[in-house]
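The values are calculated or read from the model by the stated rules, or taken from the named source; none is laboratory data. Computed from a prediction, not measured in an experiment: that's the story for all the values here. Here the Cβ is made from the backbone with ideal geometry for all residues, glycine too, and neighbour counts use every protein chain on show. Areas reflect the complete protein model, heavy atoms only, side chains present, ligands, DNA and RNA absent. Shrake-Rupley method; radii C 1.70, N 1.55, O 1.52, S 1.80 Å.
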Amino acid sequence: MHIASITLHHIRMPLKSPFAASYGVYHDRETILIEVQDESGCIGWGECVAFAEPWYTEETIGTAWHIVESFLIPQLLGKRLEHPREVSRLFAGIKRNPMAKAGLETAVWDLYAKLQDKPLAEVLGGVRKEIETGIAIGLQPTTEKLYEAIERSIEAGYRRVKVKIKPGMDIDLIRSIRAAYPGLALMADANSAYTPADAPHLMRLDEYNLMMIEQPLDAEDIIDHAALQKQLATPICLDESLVSLDHVRHALTLGSCRVVNIKIGRVGGLTSALQIHDLCASHGVPVWCGGMLETGIGRAHNIALATLPGFTLPGDISASDRYWERDVISPPVAVSAGKIAVPEGPGIGVEVDREYLGHVTLRTQHYNMQHYNMQHYNIGKHL
Ligand SMILES: O=C(O)CCC(=O)C1=CC=C[C@@H](O)[C@@H]1C(=O)O
Ligand SMILES: [Mg+2]
């Protein structure tokens with residue numbers, strides 16, 4: 001692969017309904033879609049999943065655009081690569097910023113798979129032709145709205161339901177859901193809404209047979225999660241805490257969690273996601289693919305990743321129409337009886353709807369060696 005040009009698309013898509021977590025509410029989704037084109041004209045697509053606000057992690061659309069444009073593109077543009085796993089080595093001189101890195105790196109994986117004329121799932125080592133999937137329901141304004149959302153999820157066949165919790169919307173909420181749906185595969189995501197002092201309160205959730213409690217404490221609290229896991233019968237699943245392979249290795253060593261949510265953007269790309277998958281498998285720790293309210297491009301990468309053998313739990317890969325009136329891919333992601341058929345075309349196996357992409361684009365920037373701003377290129381050169 002000779003990386004000939006890179007194009008960034010900053011887009012905004014309206015959410016069909018607001019998505020609320022313990023830290024805030026999303027009314028629309030800004031994201032950065034990334035095209036990487038090689039000298040043959042083949043195009044790989046990736047998605048940088050940073051939000052517009054630094055609520056989930058410290059990355060935002062603004063930080064990611066800056067890091068991609070000023071530091072990562074200079075390391076990638078013009079390079080001749082044999083394999084996408086080389087990209088993370090090219091980016092090693094730039095600290096953290098995993099979502100910025102993953103946006104470019106996933107595009108190179110898609111490009112590579114297309115050049116191999118193979119589905120991305122096959123190139124990654126996938127073993128499934130369809131994946132079972134779950135759904136994440138944001139905090140709802142009323143219990144009735146929550147029950148309506150749960151009913152719709154069950155009717156759609158989603159294999160597990162994730163609800164959001166936070167202090168004041170937890171024990172009673174879970175108790176009422178469990179009373180209404182005794183056999184439902186149910187988990188809760190706290191998005192770091194609790195502190196270690198809340199351990200006795202969180203232990204009360206043990207009686208409701210939750211599959212797991214996701215990220216109860218702060219992202220930095222790897223040691224405190226280990227102490228909490230010793231007090232909880234319910235498995236802890238970590239999300240925000242795990243931003244690299246080393247973070248996962250530390251969490252498994254300390255016993256901070258018994259389940260791992262792998263999000264391609266949060267861990268810096270597919271190469272890192274594969275390494276984390278393999279590490280968890282060696283420890284007998286199940287993983288599932290988390291979601292970031294992606295467009296169909298990020299969703300397609302998630303589907304490919306979720307075909308790997310260690311992804312034994314349903315993830316947050318819902319249908320395109322769960323969030324979007326219209327997606328930027330064709331065909332949109334569809335869920336049937338809680339399952340998604342893995343695309344069989346080369347790469348991510350979906351086409352980008354450029355007409356709609358243009359409609360939702362706020363800003364586009366194209367970079368190639370002839371026109372690239374040498375000032376930016378020189379910034380990257382010293383790395
Ligand atoms: O992509 C989805 O379906 C939503 C997944 C989801 O629950 C989340 C997405 C992004 C940030 C968080 O609010 C939350 C999570 O922590 O998993
Ligand atoms: Mg989460």
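So in the stretch 142-200, with the set limited to residues that are more than 16 Å from ligand 1 (Cβ to nearest atom) and of a type in the set (Asp, Glu), which one is farthest from residue 222 (Cα to Cα)?
Looking at residues that are more than 16 Å from ligand 1 (Cβ to nearest atom) and of a type in the set (Asp, Glu), I get 155.
Testing residue 35 on (1) away from ligand 1 (no atom under 16 Å from the Cβ); (2) open to solvent by 30 Å² or more (accessible area, probe 1.4 Å); (3) under 21 Å from the mean Cα position of the chain (by Cα); (4) touching a residue at least 60 places away in the same chain (Cβ under 8 Å), one condition comes back false. Which one is that?
Looking at each condition in turn, residue 35 falls short on (2).
Please find, within the stretch 307-342, the residue that is nearest to residue 14 (Cα to Cα) out of those that are of a type in the set (Ser, Thr, Tyr) and more than 13 Å from ligand 1 (Cβ to nearest atom). Give the derivation first.
Here is the first cut: in the stretch 307-342, the ones of a type in the set (Ser, Thr, Tyr) are 307, 312, 318, 320, 323, 330, 336.
Going one step further and asking which of them are more than 13 Å from ligand 1 (Cβ to nearest atom), we end up with 307, 312, 330, 336.
Details: 307: 29, 312: 32, 330: 18, 336: 24 Å.
The extreme case among them is 330.
Of the residues in the stretch 18-32, how many are touching a residue at least 60 places away in the same chain (Cβ under 8 Å), away from ligand 2 (no atom under 16 Å from the Cβ) and open to solvent by 10 Å² or more (accessible area, probe 1.4 Å)?
Result for the stretch 18-32: 2.
I'd like to check something: does the stretch 120-133 contain any residue that is more than 28 Å from residue 277 (Cα to Cα), of a type in the set (Val, Ile, Thr), surrounded by 14 or more Cβ atoms within 10 Å (Cβ to Cβ) and in contact with a helix residue (DSSP H, G or I) (Cβ under 7 Å, 6 or more places away or on another chain)?
Going through the stretch 120-133, the residues more than 28 Å from residue 277 (Cα to Cα) turn out to be none.
No, because not a single residue in the stretch 120-133 is more than 28 Å from residue 277 (Cα to Cα), of a type in the set (Val, Ile, Thr), surrounded by 14 or more Cβ atoms within 10 Å (Cβ to Cβ) and in contact with a helix residue (DSSP H, G or I) (Cβ under 7 Å, 6 or more places away or on another chain).
So in the stretch 1-50, with the set limited to residues that are touching a strand residue (DSSP E or B) at 6+ places or on another chain (Cβ under 8 Å) and not in a strand (DSSP E or B), which one is farthest from residue 83 (Cα to Cα)?
Of everything passing the filter in the stretch 1-50, 22 is farthest from residue 83 (Cα to Cα).
How many residues are of a type in the set (Gly, Ala, Ser), within 13 Å of ligand 1 (Cβ to nearest atom) and part of a loop (DSSP other than H, G, I, E, B) if we restrict to the stretch 253-305?
Here is the first cut: in the stretch 253-305, the residues of a type in the set (Gly, Ala, Ser) are 255-256, 265, 268-269, 272-273, 281-282, 284, 290-291, 296, 298, 300, 304.
Narrowing further to those that are within 13 Å of ligand 1 (Cβ to nearest atom): 265, 290-291, 296, 298.
Then keep just the ones that are part of a loop (DSSP other than H, G, I, E, B); that gives 265, 290-291.
The total comes to 3.
Which pairs turn up if I take residues in the stretch 353-366 that are within 18 Å of residue 331 (Cα to Cα) and look for partners that are assigned to a loop (DSSP other than H, G, I, E, B) with beta carbon separation below 6 Å, at least 6 apart in sequence or on another chain?
Once the first residue is within 18 Å of residue 331 (Cα to Cα) and sits in the stretch 353-366, its partners that are assigned to a loop (DSSP other than H, G, I, E, B) give 353/328; 356/326; 356/328; 357/328.
Exactly one condition in (1) outside any helix (DSSP H, G or I); (2) closer than 30 Å to residue 121 by Cβ; (3) open to solvent by less than 10 Å² (accessible area, probe 1.4 Å) is false for residue 234; which is it?
Residue 234 satisfies every listed condition except (2).
For the stretch 57-69, name all the residues that are touching a residue at least 40 places away in the same chain (Cβ under 8 Å) and open to solvent by 30 Å² or more (accessible area, probe 1.4 Å). Give the derivation first.
Let us first name the residues in the stretch 57-69 that are touching a residue at least 40 places away in the same chain (Cβ under 8 Å), namely 57, 59, 61, 65, 68-69.
Correct list: 69 only.
Going through 144, 148, 214, 220 one at a time, which residue ends up being open to solvent by 50 Å² or more (accessible area, probe 1.4 Å) and within 16 Å of ligand 2 (Cβ to nearest atom)?
On the way: 144 fails: within 16 Å of ligand 2 (Cβ to nearest atom); 148 fails: within 16 Å of ligand 2 (Cβ to nearest atom); 214 fails: open to solvent by 50 Å² or more (accessible area, probe 1.4 Å).
Being open to solvent by 50 Å² or more (accessible area, probe 1.4 Å) and within 16 Å of ligand 2 (Cβ to nearest atom) holds for just one of 144, 148, 214, 220, which is 220.
Per-residue answers, yes or no, for (1) open to solvent by 20 Å² or more (accessible area, probe 1.4 Å); (2) within 16 Å of ligand 2 (Cβ to nearest atom); (3) over 21 Å from residue 292 (Cβ atoms):
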position: 44; (1), (2), (3): no, no, no
position: 50; (1), (2), (3): no, yes, no
position: 55; (1), (2), (3): yes, yes, no
position: 76; (1), (2), (3): no, no, yes
position: 96; (1), (2), (3): yes, no, no
position: 107; (1), (2), (3): no, no, no
position: 110; (1), (2), (3): no, no, no
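Quickly run through the stretch 82-94 and pick out the residues that are within 26 Å of residue 346 (Cα to Cα) and open to solvent by 10 Å² or more (accessible area, probe 1.4 Å).
82, 83, 85, 86, 88, 89, 90
Spot the failing condition for residue 103; the list is (1) in a helix (DSSP H, G or I); (2) within 16 Å of ligand 1 (Cβ to nearest atom); (3) at pLDDT below 95, and only one is missed.
Going through (1) in a helix (DSSP H, G or I); (2) within 16 Å of ligand 1 (Cβ to nearest atom); (3) at pLDDT below 95 one by one, residue 103 breaks only (3).
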